[in-house]
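Only one structure is covered here, and it is reproduced in the block below.
The values are calculated or read from the model by the stated rules, or taken from the named source; none is laboratory data. All values reported here derive from a predicted model rather than from experimental measurement. Cβ coordinates were reconstructed from backbone atoms using ideal geometry, including for glycine residues, and neighbour counts include every protein chain displayed.
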């Protein structure tokens, strides 16, 4: 958490600006961007296998096809991805 001493090279008092806003730690931001980039590269490499997963074609996803118009809204897929990301973030923040 942001209030722990030693994180981002500062003390508890050093993590906040004079106006009360929190400072952004450059080290944690760099680490996040590096991990996000690596995950995107891995997803790009694994795309032939990932495209076979039925995300976007789950029951509950909305598909409307009319003359010259296609509307696709993956409701259930969005809920499932949100649930998985929330679970992962909860696990990593512990």
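Evaluation of residue 94 against the conditions (1) modelled with pLDDT of 80 or more; (2) touching a strand residue (DSSP E or B) at 6+ places or on another chain (Cβ under 7 Å) shows that the sole unmet condition is (2). Taking residue 80, is it assigned to a helix (DSSP H, G or I) and in contact (Cβ under 8 Å) with a residue 12 or more places away in the chain? Yes; evaluated as a whole, the condition is true for this residue.
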